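Undergrad: Below you'll find the structure I mean.
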Amino acid sequence: MGISLYEKVFNRHVVRKDNDTYLLYIDRHLVHEVTSPQAFEGLRLANREIWRKNSILAVPDHNVPTTDRTVEIEDPVSKIQVETLDKNCEEFNLLQFKMNDQRQGIVHVVGPEQGSTLPGMTIVCGDSHTSTHGAFGAIAMGIGTSEVEHVLATQCLIVNKFKTMRISVNGKLQFGVTAKDIALAAIGRIGTAGGTGHAIEFSGTSIESLSMEGRMTLCNMAIEAGSRVGLIGVDKKTIEYIKDKPLAPKGVLWEEAKKDWLNLVSDKDVIFDSEVEIDGNLIEPQVTWGTSPEMVSSITSKIPNPGDCKDKTLSSSYQIALKYMDLKPNTPINEISIDKVFIGSCTNSRIEDLRAAASIVGTKRIAKNIKLALVVPGSGLVKLQAESEGLDKVFKNAGFEWREPGCSMCLAMNADKLGPGERCASTSNRNFEGRQGQGGRTHLVSPQMAAAAAIYGKFVDIRELN
């Protein structure tokens with residue numbers, strides 16, 4: 001029987017096995033300001049050193065302001081968290097890109113951008129969307145604060161081995177259908193608990209056609225399908241993306257690494273614990289309408305009627321969601337108007353995302369009913385690249401605000417928030433109640449769909465704009 005990609009990488013990193021529990025070696029540890037303070041304090045209290053400092057890359061992202069950074073952070077809690085990360089990294093002599101460093105940005109954008117993320121690695125971070133890095137054929141997992149301390153001290157993590165699931169998407173994607181739409185369609189199919197206990201591998205011709213940016217978007221959303229791990233096999237696109245990155249191997253090491261990395265694919269005769277097949281030809285632009293990523297429909301559909309659900313639990317959850325979202329059953333998705341637009345987050349803030357959104361905006365202006373439209377690059381280097389291409393001017397001329405890099409309005413942990421009742425077209429990854437601000441209503445979409453919603457003031461089928 002063949003071996004899956006997940007098992008190949010996992011088996012390489014087993015330090016010790018005790019019944020069904022494994023001690024797994026960790027290659028890369030990404031650190032940010034939210035989940036690390038208690039972990040560093042734990043080291044001090046136990047008088048422990050960090051086991052392998054050169055495995056760590058730290059960056060503030062959740063709490064940083066996306067406006068003027070020449071002034072102090074206003075929120076006292078955010079200010080303390082960012083300053084504490086600075087102090088901890090200085091004390092322990094760790095590689096960190098501080099708030100005003102041009103390389104600063106969202107940790108899951110910065111890691112791959114710097115070549116810190118490499119195929120075959122085990123990667124952890126105190127953030128659930130660490131699954132993003134699985135796009136490089138790596139096992140990447142979000143961990144809790146106590147586990148952050150454990151990895152700092154031992155370079156290992158105690159884990160159970162996951163089952164394996166393959167989601168195969170084959171076919172030619174339509175114009176305007178992106179990795180975000182594949183992710184939402186898959187979550188709509190299997191549900192937010194569908195991948196629980198599994199490592200999800202994405203494969204098929206539709207996946208192979210995606211850029212590395214698109215693959216990162218897809219793996220980023222694996223956590224929303226219930227899985228802590230999302231992976232995609234290594235191919236020439238993977239290698240080309242990593243080549244010449246600052247922290248990537250060089251010279252002879254690069255040549256040796258390439259040969260090894262190209263073996264990081266599942267064997268053809270592997271048997272997965274679970275298989276899901278999706279026809280990529282049929283995927284349409286997706287829009288979430290509820291308070292969970294699985295509450296999603298295509299742009300040509302209507303909001304479902306809870307009364308049509310035979311499952312009473314599902315019917316009840318639909319009713320609660322529609323009440324919070326202030327939407328009525330059977331409303332066409334393309335009749336939902338919005339107040340704000342957010343293009344950014346670790347899901348969709350890379351240069352490809354900004355180019356795609358700008359191509360929809362063109363020379364047009366945002367609709368009069370749009371209170372605020374934000375474009376937040378995923379890193380300082382993404383921002384610099386976008387500005388060199390004139391994308392910032394496209395957005396600003398249209399009425400968007402062009403911001404500094406950070407997590408921004410993805411979550412209500414900084415100054416960028418929704419007000420009660422405000423409805424947002426968001427390229428982020430979660431649409432839970434209050435995720436973007438207390439009482440805020442979030443609709444998850446692709447960058448192109450968000451840009452179009454800003455221009456027309458409501459959701460539109462971008463395929464009709466072609």
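Undergrad: If you check D86 against the conditions, is it modelled with pLDDT under 95 and either on the phi > 0 side of the Ramachandran plot or surrounded by fewer than 21 Cβ atoms within 10 Å (Cβ to Cβ) (or both)?
TA: no
Undergrad: A further question follows. Kindly state which strands (runs of 3 or more DSSP E) lie completely within the range 267-316 and contain at least 2 residues that are closer than 29 Å to V9 by Cα.
TA: Filter on the range 267-316 gives 274-279.
Undergrad: Turning to a different aspect of this structure: Of the conditions (1) exposed (fewer than 15 other Cβ atoms within 10 Å of the Cβ); (2) within 30 Å of G197 (Cβ to Cβ); (3) in contact with a strand residue (DSSP E or B) (Cβ under 8 Å, 6 or more places away or on another chain), D260 fails just one. Which one is it?
TA: D260 satisfies every listed condition except (3).
Undergrad: May I pose another question? Got a sec? Which of V9, V59, V64, V31 is aliphatic (A, V, I, L, M) and closer than 29 Å to S274 by Cα?
TA: The unique qualifying residue is V9.
Undergrad: Give the range 170-187 a look and list any residue that's buried (at least 19 other Cβ atoms within 10 Å of the Cβ) and of a type outside the set (V, I, T), or say none.
TA: If the condition is that a residue be buried (at least 19 other Cβ atoms within 10 Å of the Cβ) and of a type outside the set (V, I, T), then L173, G176, A179, K180, D181, A183, L184, A185, A186 are the ones that fit.
Undergrad: I'd like the residue in the range 127-153 that is of a type in the set (G, A, S) and either part of a strand (DSSP E or B) or open to solvent by 10 Å² or more (accessible area, probe 1.4 Å) (or both) and, out of all such residues, is nearest to G115 (Cα to Cα).
TA: That would be A140.
Undergrad: Here is a further query. If a residue has to be in a loop (DSSP other than H, G, I, E, B) and within 27 Å of K417 (Cβ to Cβ) to count, how many in the range 51-104 make the cut?
TA: Residues in the range 51-104 being in a loop (DSSP other than H, G, I, E, B) and within 27 Å of K417 (Cβ to Cβ): 25 in total.
Undergrad: If you check I56, I106, I3, which single one turns out to be of a type in the set (A, V, I, L, M), open to solvent by 40 Å² or more (accessible area, probe 1.4 Å) and at pLDDT 95 or above?
TA: None of the other options fit; the residue is I3.
Per-residue answers, yes or no, for (1) small (G, A, S); (2) part of a helix (DSSP H, G or I); (3) under 20 Å from F175 (Cα atoms):
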{"site": "S359", "(1), (2), (3)": "yes, yes, yes"}
{"site": "L381", "(1), (2), (3)": "no, yes, no"}
{"site": "V394", "(1), (2), (3)": "no, yes, no"}
{"site": "D416", "(1), (2), (3)": "no, no, no"}
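Undergrad: Also, quick follow-up: Starting from the range 318-344, take each residue that is within 19 Å of G457 (Cα to Cα) and list its partners that are among the acidic types (D, E) and in a helix (DSSP H, G or I), counting only C-beta distances under 8 angstrom and pairs at least six apart or across chains.
TA: I343/D353
Undergrad: Has the range 91-99 got any residue that is surrounded by fewer than 22 Cβ atoms within 10 Å (Cβ to Cβ), aliphatic (A, V, I, L, M), touching a Cys at 6+ places or on another chain (Cβ under 9 Å) and over 18 Å from M221 (Cα atoms)?
TA: The answer is yes, given that some residue of the range 91-99 is surrounded by fewer than 22 Cβ atoms within 10 Å (Cβ to Cβ), aliphatic (A, V, I, L, M), touching a Cys at 6+ places or on another chain (Cβ under 9 Å) and over 18 Å from M221 (Cα atoms).
Undergrad: How about the range 26-55: which of its residues are in contact (Cβ under 8 Å) with a residue 40 or more places away in the chain and among the hydrophobic types (A, V, I, L, M, F, W, C)?
TA: I26, L30, V31, V34, A39, F40, L43, A46, I50, W51 - these are the residues of the range 26-55 that are in contact (Cβ under 8 Å) with a residue 40 or more places away in the chain and among the hydrophobic types (A, V, I, L, M, F, W, C).
The values are calculated or read from the model by the stated rules, or taken from the named source; none is laboratory data. All figures in this text were calculated on a predicted structure; none of them were measured in a lab. Please note: Cβ atoms are built from the backbone with ideal geometry, for glycine as well, and neighbour counts cover all protein chains shown. Protein only, heavy atoms only, side chains kept; ligands, DNA and RNA dropped before computing areas. Shrake-Rupley method; radii C 1.70, N 1.55, O 1.52, S 1.80 Å.
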